Amino acid sequence: AAAYPRHIFLAAIVVLGASQYIEYDGYWHVWIAHQLQWGNFVKEYQANAHPPLYFLLLRLTFWLGHTKLTYRAISILTGAGSVYLMGMIAWRAVRSRIWAALAALAYGLALPSILISEEVRTYMMAAFLVQASFWYYLDLIADGRGPLRSRILFGVLATLACLTEYYALIYVGATLLFALVVQPLRAKDGALRALGREVLTFLLLLALPAWEYIAHFGGAP
C-alpha cells in the first residue's frame, strides 16, 4: 500500500536533490566525513552536536562521486524508506490499505519530510531508524513479550538511531517508560520476570549511546 507514495516521493526528491544548493551545515558534515585520520575525525565530529554514525556512512558515499546527489544519497534513500515504513505502520494500526497509503502519501508530501530528505544532515536517517525499530517494538507490545528476534532488532535499530541523532533518545525514553510501567502488568509469565526482561533490553540498548554521549561532550572543546 505504501509502495506508490514511496515511488512518487523518491522520484521527486531525486530531481530536487540533483539541483538544489547544499546549505553551510551540509558542507560542514561533508568536511567532517572527509577527515582521513581518525584523530582528526573524532576532533571534528565532537565539535559538532551530532553522533558519529552518519558521518561514517557519508564517507562511504564518496566512492560514488562528489556531487550534490551523492552527498544527499543517505537522506534521500532513508527518506523513501521512511515513507514506506509510515505506510506499513499505519496499515498495521488500522488494517486498511487505503488509509495506509493515505498516511504514507501525507507523510511523504509534507514539507518537513521533503526538506529533511534534501539535507546533508542526520535527521532523516535517524527518523528512518526510529520508525524501523518501532515496527519491531510493535511485536513486543502485541502480547506483552514478543519474539526474541523482534526484541533484538528493536534494540539494534534503536541503538543505531541514537548513534545517528540524539533526539532518538526521546523516543527510547518513551518506549522505556511504557516497558517499565505497562509491560509488566500485561505479561503472561509474571510481572517481575517481565520487568527484568525489559530492564535488560534497555540496559543493552542504551549502553553504547550513553558511552558515546559522555565521550562526545566530555571531549568537546
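The values are calculated or read from the model by the stated rules, or taken from the named source; none is laboratory data. What you see is a predicted model, and the numbers here were worked out from it, not measured in a lab. All Cβ positions, glycine included, derive from the backbone under ideal geometry; neighbour counts span all protein chains shown. When the accessible area is computed, the model is the full protein with side chains, heavy atoms only, and any ligands, DNA or RNA have been set aside. Shrake-Rupley method; radii C 1.70, N 1.55, O 1.52, S 1.80 Å.
Sites listed here are trypsin sites (Lys or Arg not before Pro) in the range 91-128 whose DSSP assignment is loop and whose Cβ has at most 12 other Cβ atoms within 10 Å: ARG95. With the charge dipole of the range 93-221 set up from +1 on Lys and Arg Cβ and -1 on Asp and Glu Cβ about the Cα centre, the Cα lying farthest toward the positive end among the listed residues LEU192, SER150, TYR137 is that of LEU192.
Across q = 0.14, 0.17 Å⁻¹, the range 64-143 modelled as identical point scatterers on its alpha-carbon atoms has Debye log10 I(q)/I(0) values of -0.49, -0.68, in the order of the q list.
Taking label positions 7 Å along the Cα-Cβ direction at both LEU64 and ASP25, the computed distance is 2.2 nm, reported to one decimal.
Of all the Cα-Cα pairs you can form in the range 95-221, what percent are over 26 Å apart?
Working: 2604 of 8001 pairs.
Of all Cα-Cα pairs in the range 95-221, 33 percent lie more than 26 Å apart.
On the beta carbon distance between LEU56 and LEU115, with R0 = 35 Å, the FRET formula returns roughly 0.90.
Once neighbouring chains are kept in place and the probe is 1.4 Å, which whole percent of the accessible area of the range 38-188 is contributed by carbon and sulfur?
Values: 5210 of 7080 Å².
C and S fraction of accessible area: 74 percent.
Calculate log10 I(q)/I(0) of the chain for q = 0.09, 0.13, 0.14 Å⁻¹, where I(q) comes from the Debye formula with a single equal point scatterer on each Cα and nothing for solvent. One equal scatterer on each Cα of the chain leads to -0.41, -0.82, -0.93.
Magnitude of the Cβ-charge dipole of the chain, K/R +1 and D/E -1, about the Cα centre, nearest 20 debye?
Working: 16 positive and 11 negative charges, 144 e Å.
The dipole magnitude comes to about 700 debye.
Per residue, how much accessible surface does the chain expose to a 1.4 Å probe? Answer in Å², no decimals. Don't skip to the answer; put the middle values down first.
Working: 11450 Å² over 221 residues.
Value for the chain: 52 Å² per residue.
Max-minus-min Cα coordinates of the range 157-221 on each principal axis give 49, 17, 16 Å, with the largest extent listed first. Pairs of Cα atoms in the range 123-173 fall into 10 Å distance bins, from 0 up to the last occupied one, in shares of 31, 52, 17, 0 percent.
Want the number for TRP99 to VAL181: 0.36 nm per residue separation, take away the alpha-carbon distance, what's left?
On the way: separation 82, 0.36 × 82 = 29.52 nm, distance 3.09 nm.
Roughly 26.4 nm would be gained on extension.
When the Gaussian network model of the chain links Cα atoms closer than 10 Å, the mean-square fluctuations of GLU118, GLU23, GLU165 top out at GLU23.
Just how large is the dipole of the range 44-168 about the Cα centre, in debye to the nearest 20, putting +1 at every Lys and Arg Cβ and -1 at every Asp and Glu Cβ?
Numbers: 10 positive and 6 negative charges, 67 e Å.
Here the size comes out at about 320 debye.
Ligands, DNA and RNA aside, HIS34 has an accessible area near 70 Å² when probed at 1.4 Å.
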